[in-house]
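Engineer: Have a look at this one before I ask anything.
The values are calculated or read from the model by the stated rules, or taken from the named source; none is laboratory data. Keep in mind that this is a model prediction, so the values were computed, not measured. Positions of Cβ are backbone-derived with ideal geometry, glycine not excepted, and every protein chain shown enters the neighbour counts. The area values use the complete protein model at the heavy-atom level, side chains included, leaving out ligands, DNA and RNA. Shrake-Rupley method; radii C 1.70, N 1.55, O 1.52, S 1.80 Å.
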Amino acid sequence: MTPVVVSLLPTLVACGLAAFLVSFAAVRATIAYARRRGMLDAPGRRRSHSVPTPRGGGIGIVLGALAGMPAALLLLPVSPGAAITAAFSVAVIAVAGIGWLDDHGSLPIRPRLAIQLAATLLLCLAVASMTASLWWALPLLLAGVWCINLHNFMDGIDGLAAQQAMFFGGACAALAWSAGSPAIAGAGLAMAAAALGFWWFNRSPARIFMGDVGSATVGLMVFALSAVLWAWRTELLWPALVFSSAFVIDATLTLLVRMLRGARWYTPHREHLYQWLVRRGASHRRVGLAYLAWNVLVCVPVAWIAFRFPAAAPVCFVATYLAGAAVWRTGKRYGLRRRERHVSA
């Protein structure tokens, strides 16, 4: 290791360790709190669990991330700056706060969406200030709100959303470090560590669920890291999008199909690929491993190529999403055939 790397290690380790310990302790405390307050998700036709389970454990990810990510962004070199760090922290608190209230008792969609829009807009304006025009805040706002909600949609089985958060945070940490930003790398590491503290209790069979407080905030953090990487070095957006491909493809294609069919796309359902696989007999653990295999075997090498050869990065992005769409379609057909054989039997 070079002397520079050695000098940065204590701060990196401290940010990651603080995020993990705060998250782990908060999730453990939330299990008892949720049971006392009756914050339980009951089994149902549109759900993938069979016993009442506490929700709201994602508060641990939020507190852990707040303990580690802003510190990394401010204390480590090549920082995006105090303005973005402050906007990120305020946005996280706002999105987590409305999600925490929703976990205590279902809120109407309008106040939740209003808070998400306001918090994301604040972050987008801060990020856009690093670019040539503040008008970038508008497309960033659409992307940010969709990222928040797609992670909410994808939080439906044990361990999956936390596993994706760990992967994305760790992968972005490696990407940012390789690109020369220890600050963004430290933030990614802290995100992954906070998700790990929650995953320990959420792995199958889950002792607690993430809840809106966690899933929405994880989506915001994924968007924030992607946007900051893009604003710092435009070509880094492509590998960041590759890292998110599993969730983006499943959530987006499922939503589009439901809209085209005329279904009430905004209501709860069990039509994502991961839900189909569980309904057809795969365990939560096996489905999680399948998504992890896509991340490790496809996303990591393709993102590396996109990083090393920026001219090829858009092609890598398109190829990944086309391949993912094909896998999604194949998985849906497999689930349909399994159901037809079951019905005919």
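Engineer: Regarding the chain, what's the average projected area of the Cα-atom convex hull, expressed in nm²? Display every interim value, and only then the final one.
Structural biologist: Details: hull surface 69.2 nm².
Computing the convex hull of the Cα atoms and averaging its projections yields 17.3 nm².
Engineer: Ignoring everything but the protein chains, give the 1.4 Å probe accessible area of residue 21 in square angstrom, nearest 10.
Structural biologist: Counting only protein heavy atoms, the figure is 100 Å².
Engineer: Could I ask something else about it? Determine one quarter of the surface area of the Cα convex hull of the stretch 154-205, which equals its mean projected area, and express it in nm² to one decimal. Intermediate results must be reported in sequence, preceding the final value.
Structural biologist: Details: hull surface 13.1 nm².
So the Cα hull casts an average projection of 3.3 nm².
Engineer: Same structure again: With a 1.4 Å probe and all protein chains kept in place, how much accessible area does residue 269 have, in Å² rounded to the nearest 10?
Structural biologist: Accessible area of residue 269: about 40 Å².
Engineer: Under the definition of Cα pairs under 8 Å and six or more residues apart, what whole-number percent is the relative contact order of the chain? It would help to have the intermediate numbers written out before the result.
Structural biologist: Details: 560 pairs, mean separation 75.0, N = 345.
The value is 22 percent.
Engineer: What percentage of the solvent-accessible surface of the chain, computed with a 1.4 Å probe over protein heavy atoms, is contributed by carbon and sulfur atoms?
Structural biologist: Working: 10750 of 15620 Å².
For the chain, the apolar C and S fraction of the accessible surface comes to 69 percent.
Engineer: Place the peptides 83-96, 300-313 in order of packing, highest mean first, counting for every residue the other Cβ atoms within 10 Å and averaging per peptide. Could the numbers behind the result be given before it?
Structural biologist: Working: 83-96: 20.7, 300-313: 17.1.
Packing order, densest peptide first, comes out as 83-96, 300-313.
Engineer: On to the next question. How much accessible area per residue does the chain have, counting only protein heavy atoms and a probe of 1.4 Å, in square angstrom? Don't skip to the answer; put the middle values down first.
Structural biologist: On the way: 15620 Å² over 345 residues.
About 45 Å² of surface per residue is accessible.
Engineer: Let me ask something else about it. Can you give the relative contact order of the stretch 103-222 as a percent, counting alpha carbon pairs under 8 Å and 6+ residues apart? If you can, show how the numbers build up before the last one.
Structural biologist: On the way: 121 pairs, mean separation 35.4, N = 120.
Reported relative contact order: 30 percent.
Engineer: Pick from 178, 204, 133: which residue has the top mean-square fluctuation in a GNM of the chain where Cα pairs under 10 Å get a spring?
Structural biologist: 133
Engineer: Can I ask one more? If a helix is a whole DSSP H run, which ones in the chain reach 30 Å or further along their own axis (Cα) and hold a mean Kyte-Doolittle hydropathy of at least 0.5?
Structural biologist: Values: long enough: 3-37 (51 Å, 1.29); 82-104 (33 Å, 1.39); 211-232 (32 Å, 1.42); 313-344 (46 Å, -0.23).
In the chain, the long hydrophobic H runs are 3-37, 82-104, 211-232.
Engineer: Roughly how many debye, to the nearest 20, is the charge dipole of the chain about its Cα centre, given +1 on each Lys and Arg Cβ, -1 on each Asp and Glu Cβ, and no other charges? Please report the intermediate quantities before stating the final value.
Structural biologist: Details: 29 positive and 10 negative charges, 324 e Å.
It comes to approximately 1560 debye.
Engineer: Which is farthest toward the positive dipole end of the chain among 273, 106, 87, measuring Cα position about the Cα centre, with Cβ charges +1 (Lys, Arg) and -1 (Asp, Glu)?
Structural biologist: 273
Engineer: In terms of the Cα gyration tensor, with a ≥ b ≥ c the square roots of its eigenvalues, is the stretch 61-151 rounded because a/c is under 1.5, prolate because a/b exceeds b/c, or oblate? Please report the intermediate quantities before stating the final value.
Structural biologist: Numbers: a/c = 2.74, a/b = 1.30, b/c = 2.11.
Oblate is the answer for the stretch 61-151, as a/c is 1.5 or above yet b/c matches or exceeds a/b.
Engineer: If you don't mind, there's one more thing I want to ask. Assuming a ≥ b ≥ c are the square roots of the Cα gyration tensor eigenvalues, decide whether the stretch 71-214 counts as rounded (a/c under 1.5), prolate (otherwise, with a/b larger than b/c) or oblate.
Structural biologist: Values: a/c = 2.10, a/b = 1.18, b/c = 1.78.
Here the stretch 71-214 falls in the oblate category.
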